[in-house]
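Chemist: Right, I'll just put the structure down here and ask away after.
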Amino acid sequence: EVEGKVWDGVVEMCCAREDGRRGGGGKKGGSGGGSSGDGIIRLKKQDDTDQGDNEEQQVDVYYTPSDYKPTRKQSGGQQQQHSRLERKDVIQFKLVTERRTGKKYARDITLVQSERERQRLEREAKILENAPLERGKVVSTKGDFGFLRSASRVEQVYYHVSHVETADGDEDGNDHRMTSLMEGQEVEFYVVNEQGSGGGGGGRGSKKGSGGGKSLSARKVKLLPEGTVKFEHDLAQGVTGYVMECPVEAPSADSFFGGPSKKSGGGSSNTAAATMGKIRLDTPIIDTEGNKVTEVVLHPDMYPSGTFALSRTSGEVGIWIRPGDTLLFDVIQTIADGVYRAVPTKHSQCLSLRTGEVTSDDTSSSKASVRLVKPSLCGRSEGVIRSIRDNYGFIHSAERNVDVYFPLFEVLPNEIHSDLVNNNPDIYNGSDPVQNKSGRVHVEVGMEVSFDLSIQMLKNSGVCGRGGGGRSRQSNFGAAQEKEGLRGRRVQILPKGTVQEKFLVASQVTASVTKDDPKQPFVGTIELEEALTIQSSSLRYPLVAKLLDDISAGNFGDEITFHDILSELDLKIVVAMVKSRGDLEWLYVPVSGDIADDPHNRKLRIVRKVQSNDAVESSEKTGEEVAAVAEVESANNTGSEGGNSIVETSNGAASA
């Protein structure tokens, strides 16, 4: 026909395959000419806008399989190339006429738009009609796909590289697609909710937790300049608060600290979502809309100094924080869900200790982090390291005449020790007793420490073992269990002279010698001329006394529960000290588990009395419990009647 002219057309009937079948419908037998295997094209005239339904305005053009050779480059980069044309494909070609028969044939056919592509674009246009335009950041990539974090929603959004566009395309305007994205890049995109079979290039399975087989996917992904996307509002920096609930990656009844239990590869095999921790701010803050903020959440990824292995074999892990601990952090509000969150801070000291904004000392740390600045006093004790073995040691308690076992991996890491030194000048007074050797905190005999006192529940076999004559130890097991099962956790190194093993009761006391020991010179018994009344509980147990003062002052809200089950002796001591005050109450909290009904399997909760009509009612105490409290108080008072000038804190004995 016209030399150099390109014609437009639509495939009406496909060429026959090798088996004789055709890939589409159309009228049978062609149009009165051409080979039986040739395909038919409806030629579009210049004024034609339809796709081949009006035969009077259309001319049959034949083509053979050799007339179409697919090319890789296609407009938009989305269209997949097929080895053969399909019915209703839109094409361009050169038109020739066979002189012998007068029939028209298409040559040098180029695919403009396949019918599949047209249908896909129709579906895309339909689902994009109400799709929201959002901004976010690339959080992960894997081959041709990845996930985006949106500033407008909590869920991550899937993307395929076929939907990623450049800002302006190339010089020819033919290819607006990118081959990949990188983590951290900021992007703008439309979000569609589609079936998990995937839309467009790539395809995908339904995302876990998306519900109903549907998933969030991104369309028309475009790059944005760095710093364009904002995910949160910065509300406060370097604030403090106490832990109300510890975060966990997945529920784990086996983990001592309530942390995640790693079965394999550090992850959880179940699909339980992470449980956010809760922190009560020491001082409320105001958000961008003028609302008062008193609580924030803590994600499991924000554990101070991460996690540590509780054993070499089980894969169980522990965390360095407990309820009641004071943390230092920044506060943000995420735009997507409006949640107030605790995030790492570059401040190294609490507000009361620093003089202004972030200083060079604050930024000298390797990275920002959520910092533990004060351990909870619930169950806290003090002592002196008595012996050290290969990977464990023993601490002699300052409050009782027992040695407490502790594994070396439960000594607080250097990062936490540094934060404790910076934020507790009343204890450390500018000195740092912590030494590092081979990347670990160095401990040695004679060091003074504080620690969480825990009781390991030992199983009694009822017999002494082989060669022991089968003698039962059942009767002695109850008494030995506490001493054998004491374990120190979260061991903190203290400066020399911090732990007081003796305290002064009175001076210039006069007495008469009533008895001497003939075997030991200058040893015996004396009788005081005037009896002394010794209030020894607060002096023998200063950490408990300080804890009760903090609870009474409302530093932990209206109540606090001990993290561990207390021994009978510790329980009697704490309850007696609570009863000696008029502003606190106590009750038991049953522990869930196989032995929840066991009277010894319960935690102690201390409640601050509220001076109002809605005051917290005192818990009902059994006669046995009241008698136990009276016994402790009586023992303290009886011991004080004959007391002398110095009392040993470990056993309560008075001596001159």
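The values are calculated or read from the model by the stated rules, or taken from the named source; none is laboratory data. Model, not experiment: these values are computed from the prediction. Here the Cβ is made from the backbone with ideal geometry for all residues, glycine too, and neighbour counts use every protein chain on show. Each accessible area value is taken on the protein alone, full model and side chains, heavy atoms only, with ligands, DNA and RNA left out. Shrake-Rupley method; radii C 1.70, N 1.55, O 1.52, S 1.80 Å.
Chemist: Of these, G623, G593, G639, which one is at pLDDT below 65, surrounded by fewer than 16 Cβ atoms within 10 Å (Cβ to Cβ) and closer than 30 Å to L504 by Cα?
Modeler: It is G639.
Chemist: Need a quick list: strands (runs of 3 or more DSSP E) entirely within the range 488-560 having at least 1 residues that are at pLDDT 90 or above and more than 29 Å from T326 (Cα to Cα).
Modeler: Answer list for the range 488-560: 511-516, 524-528.
Chemist: Residue check: is S418 over 27 Å from L539 (Cα atoms) and modelled with pLDDT of 90 or more?
Modeler: Taking the combined requirement at face value, the residue satisfies it.
Chemist: Taking G146, is it modelled with pLDDT of 90 or more, touching a His at 6+ places or on another chain (Cβ under 9 Å), part of a strand (DSSP E or B) and open to solvent by less than 30 Å² (accessible area, probe 1.4 Å)?
Modeler: yes
Chemist: Mind listing whichever residues of the range 227-251 are crowded, with 19+ Cβ neighbours inside 10 Å and of a type in the set (G, A, S)?
Modeler: A236, G238, G241, A250
Chemist: I would also like to ask the following. Could you check, for the range 65-83, whether at least one of its residues is touching a Cys at 6+ places or on another chain (Cβ under 8 Å) and either modelled with pLDDT under 90 or under 24 Å from Q119 (Cβ atoms) (or both)?
Modeler: yes
Chemist: Cβ contacts < 7 Å: first residue under 25 Å from G485 (Cβ atoms), restricted to the range 438-458; second residue assigned to a strand (DSSP E or B) and open to solvent by 40 Å² or more (accessible area, probe 1.4 Å), any location; separation 6+ or different chain. Result?
Modeler: Final answer for the pair search is V443/I388; V445/R386; V445/I388.
Chemist: Which condition does V441 not pass, out of (1) closer than 23 Å to R322 by Cα; (2) modelled with pLDDT of 90 or more, if it passes all the others?
Modeler: (2)
Chemist: With the requirement that a residue be surrounded by fewer than 16 Cβ atoms within 10 Å (Cβ to Cβ) and either among the basic types (K, R) or over 35 Å from the mean Cα position of the chain (by Cα) (or both), what does the range 540-567 give you?
Modeler: K546 - this is the single residue of the range 540-567 that is surrounded by fewer than 16 Cβ atoms within 10 Å (Cβ to Cβ) and either among the basic types (K, R) or over 35 Å from the mean Cα position of the chain (by Cα) (or both).
Chemist: How many of the residues in the range 291-318 are open to solvent by less than 50 Å² (accessible area, probe 1.4 Å) and under 24 Å from V339 (Cα atoms)?
Modeler: 8
Chemist: Given (1) surrounded by 15 or more Cβ atoms within 10 Å (Cβ to Cβ); (2) modelled with pLDDT of 90 or more; (3) more than 22 Å from V317 (Cα to Cα); (4) in contact with a Lys or Arg (Cβ under 9 Å, 6 or more places away or on another chain), identify the lone condition not met by V402.
Modeler: With (1) surrounded by 15 or more Cβ atoms within 10 Å (Cβ to Cβ); (2) modelled with pLDDT of 90 or more; (3) more than 22 Å from V317 (Cα to Cα); (4) in contact with a Lys or Arg (Cβ under 9 Å, 6 or more places away or on another chain) applied to V402, the lone miss is (2).
Chemist: Looking only at the range 376-383, decide whether some residue is modelled with pLDDT of 90 or more and open to solvent by 60 Å² or more (accessible area, probe 1.4 Å).
Modeler: no
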